[in-house]
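Below is one structure, written out as structure tokens, with a few remarks after it.
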Amino acid sequence: MVAPEKDPREEVIQAWYMDDSDEDQRLPHHREPKEFVSLDQLAELGVLSWKLDADNHETDAELKKIREERGYSYVDLIEVCPEKLPNYEEKMKSFFEEHLHTDEEIRYCLGGSGYFDVRDHNDHWIRVWVKKGGMIVLPAGIYHRFTLDTDNYIKAMRLFVGDPVWTPFNRPHDHLPARKEYVQAFVNKDDSARAVDAAA
């Protein structure tokens, strides 16, 4: 029997369910036993992912194609570490506050690594570890947060459709159209599928 081919994205993006511990947010926070989450399961939550060539991001044809297909006209670079980010402690606190955006959050890791935590359909935290070469898209309306890991460094490309709007809406903001659309598209989708199966 041939083993299934490993998804190359898993070299740069891994995900797992988090424990409920209040220990340092930069620790992995695995459950015991560990419960990993596949990239296909993340896609069911609307979280998209790619493995790209971070060393050649300026000339990468695949990145160019993704940008063209998804309309990512804006791009900038950010380095998150105590030495490079002004008001580091304050920013890290705000990044780790659970929030949503009314647009996609697109991050492409060019160096270092960090954790993007997202809520699943049952409101449990999934920790998404993104390393150099990993690019993820968090859909508009998903509750999420960000923290560095214990290496305390990430260099990321931020992409956006049109002029960037980085406004975070801290939970609860369930009344926002972006949240309602997210729930309809990704959370209630499973409920309606189950209802159809039950009626058949």
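Quick notes
- One compactness figure for the chain is 1.05, namely its Cα radius of gyration divided by 2.2 N^0.38 Å.
- Nearest-0.05 FRET efficiency for Asp22 and Asn56, computed from C-beta distance (R0 30 Å): 0.15
- Per residue, the chain exposes 56 Å² of solvent-accessible protein surface, assessed with a 1.4 angstrom probe and all protein chains in place.
- Farthest toward the positive end of the dipole of the chain, out of Ser73, Pro28, Ile106, is the Cα of Ser73, where the dipole comes from beta carbon charges about the Cα centre.
- Classified by the C-alpha gyration tensor, the stretch 9-128 has an oblate form. Its axis ratio a/c, with a ≥ b ≥ c, is 1.5 or above, and a/b does not exceed b/c.
- Extended-chain gain in nm, criterion 0.36 nm per residue less alpha-carbon gap, Glu98 and Asp120: 6.6 nm
- Relative protection proxy for 129-141, 85-97, from highest mean packing down: 129-141, 85-97 (other beta-carbon atoms within 10 angstrom).
- Relative to one another, the C-alpha centroids of the stretch 10-39 and the stretch 120-195 are positioned 16 Å apart.
- The fraction of accessible area contributed by carbon and sulfur in the chain is 50 percent, rounded to a whole number (1.4 Å probe; ligands and nucleic acids excluded).
- Inter-site label distance for Tyr74 and His30 at 7 Å from Cα along Cβ, in nm: 3.8 nm
- Length released on extending from Lys65 to Leu176, taking residue separation times 0.36 nm less the Cα-Cα span: 36.8 nm
- Cα-projected label distance for Tyr153 with Asp7, points at 7 Å along beta-carbon direction, nm: 2.9 nm
- Cα gyration tensor, the stretch 74-128 - rounded (a/c under 1.5), prolate or oblate: prolate
- When +1 charges are put on Lys and Arg Cβ atoms and -1 charges on Asp and Glu Cβ atoms, the dipole computed for the stretch 62-200 relative to its Cα centre reaches about 260 debye.
The values are calculated or read from the model by the stated rules, or taken from the named source; none is laboratory data. What you see is a predicted model; the values in this text were computed from it and never measured. FYI the Cβ positions are ideal-geometry reconstructions off the backbone, even for glycines, and counts take in every protein chain you see. Just the protein is used for accessible areas: all its heavy atoms, side chains included, with ligands, DNA and RNA removed. Shrake-Rupley method; radii C 1.70, N 1.55, O 1.52, S 1.80 Å.
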